[in-house]
Amino acid sequence: MSISQRQGAEAARSDSRGSSWVRLVNGPQTLGRGPLFWVGFAVAIGAAVAYPAFVDGWSVGNTAYFFCWVFMALGLSLIWGYTGSLSFGQTAFFGLAGYTYGVVTINFGAAYGMTIVGLLVGVGMSCMAAALLGYLLYYGRISGVFLGIVTLSTTLVFATFMAQTAGPKWAIGDARLGGDNGMTGMPPLTVPWFGGDIALYSGVPLYYLLLAMVVLCYLCLRILVNSRFGNVLVAIRENPHRAEMLGYDIRRYQLIAFVIGSGLAGLSGVLYTAWGQYISPSNMNLAAAALPIIWVAVGGRKDLTATLVGTLVVLGVFQNLTIFGSYYAFVIMGLLLVIVVVFLPKGLIPGLVQLVSRIRRRKGDMS
């Protein structure tokens, strides 16, 4: 083969790989495909980039706070929406990663990239814990409502244990666990840079970092769920027995999805802890464990785009409702969940998409 032929073959393979990535991003397992969707996506990203220039610092920090929770919601969408496993364990992995970040950074400080190390160790701890729990669940053939019960029990046991860790004896090195009062004193995310480290407090730099991470995570998950792996997950969700009869080791696929989704919950825990420099057992109690279920169910658990948009909207609504008291906010969120489950079981976003499609079809038939 000549040099020109070899270069042509390499170019063809490169084009093929590029087109395959495009097909995966626009695959059938996610809402939103085609030029119109991606133009809207680019406009939304542009608006998000310009947002800090038009609002005050508190609003920027508050939006960064919302971004911290998105990863946990996307992970639950993968576990529950695409795989069909209802898990109440997201906040347990959230808390485990947050406390791990606190222990690492309080003991070793923020210099030399130790907060990045703390982030990686925290996410790694949540993944290892999820691998252990998931192995016991899936290879123990626990499914359906029993899987939800076990994951909820695990979360509540962990939260209860952390709540009784008050006093100086409950410490790991210099990091006090703090009991109900929580752990404080950990530094924010700090990026090593020439001329000095850059501490990302809850301001514009952290906002842009989290925005980039949300976009990257969303696109990577789109590729994952539209790949062969994602198609198998959907097949397991629709009919696990049929998928198993076709020769797939459904427990392995479920376990991998569970670990990925739990790792994203751990990422949320680390980012939240770094954002507020605080983590407590209240982030893992019964109410906290139920909130991600509400975000994902209301937006649309079977689609990443619906989960992303729905989570941000519901977080904003919930925060505004807390002005009248957290009790009323939780009651209204519960009522919203019931309404969506009864009347829009696929979620608000997919329901609106279906409504628009029906209206367009009717107009087309009338014309």
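Just a few scattered comments:
- The one condition from (1) crowded, with 18+ Cβ neighbours inside 10 Å; (2) in a helix (DSSP H, G or I) that Lys302 does not meet is (2).
- Condition met for Ser19 (in a helix (DSSP H, G or I) and either modelled with pLDDT of 85 or more or open to solvent by less than 60 Å² (accessible area, probe 1.4 Å) (or both)): yes
- Options Tyr272, Tyr327: the member that is of a type in the set (Phe, Trp, Tyr) and modelled with pLDDT of 80 or more: Tyr272
- Residue, most open to solvent (accessible area, probe 1.4 Å), within region 135-148, restricted to residues that are without any contact (Cβ under 8 Å) to a residue 12 or more places away in the chain and farther than 19 Å from Arg237 by Cβ: Leu136
- When Pro345 is tested against (1) open to solvent by 70 Å² or more (accessible area, probe 1.4 Å); (2) farther than 26 Å from Cys68 by Cα; (3) assigned to a helix (DSSP H, G or I), only condition (3) is not met.
- Hey, Tyr112 in contact with a helix residue (DSSP H, G or I) (Cβ under 7 Å, 6 or more places away or on another chain) and either outside any helix (DSSP H, G or I) or not basic (Lys, Arg) (or both) or not: no
- Which listed residue, of Gly84, Gly98, is part of a loop (DSSP other than H, G, I, E, B), under 21 Å from the mean Cα position of the chain (by Cα) and either touching a residue at least 60 places away in the same chain (Cβ under 8 Å) or more than 29 Å from Ala175 (Cβ to Cβ) (or both): Gly84
- Region 108-134, subset β-branched (Val, Ile, Thr) and touching a strand residue (DSSP E or B) at 6+ places or on another chain (Cβ under 9 Å), residue surrounded by the most Cβ atoms within 10 Å (Cβ to Cβ): Thr115
- Among (1) more than 19 Å from the chain's Cα centre (by Cα); (2) of a type in the set (Phe, Trp, Tyr); (3) closer than 21 Å to Thr63 by Cα - the single one Phe318 does not satisfy: (1)
- Which listed residue is surrounded by fewer than 23 Cβ atoms within 10 Å (Cβ to Cβ), out of contact with any helix residue (DSSP H, G or I) (no Cβ under 6 Å at 6 or more places or on another chain) and at positive phi, from Gly316, Gly325: Gly325
- Enumeration of residues in region 276-297 that are outside any helix (DSSP H, G or I), open to solvent by 40 Å² or more (accessible area, probe 1.4 Å) and not polar (S, T, N, Q): Tyr278
- Selection status of Leu119, over 26 Å from Pro188 (Cα atoms) and not in a loop (DSSP other than H, G, I, E, B): no
The values are calculated or read from the model by the stated rules, or taken from the named source; none is laboratory data. All of these numbers come straight from a predicted model, not from anything done at the bench. Glycine gets a Cβ as well: all are built from the backbone with ideal geometry, and neighbour counts include every protein chain shown. Note: accessible area is taken over every heavy atom of the protein model, side chains too, but ligands, DNA and RNA are not part of it. Shrake-Rupley method; radii C 1.70, N 1.55, O 1.52, S 1.80 Å.
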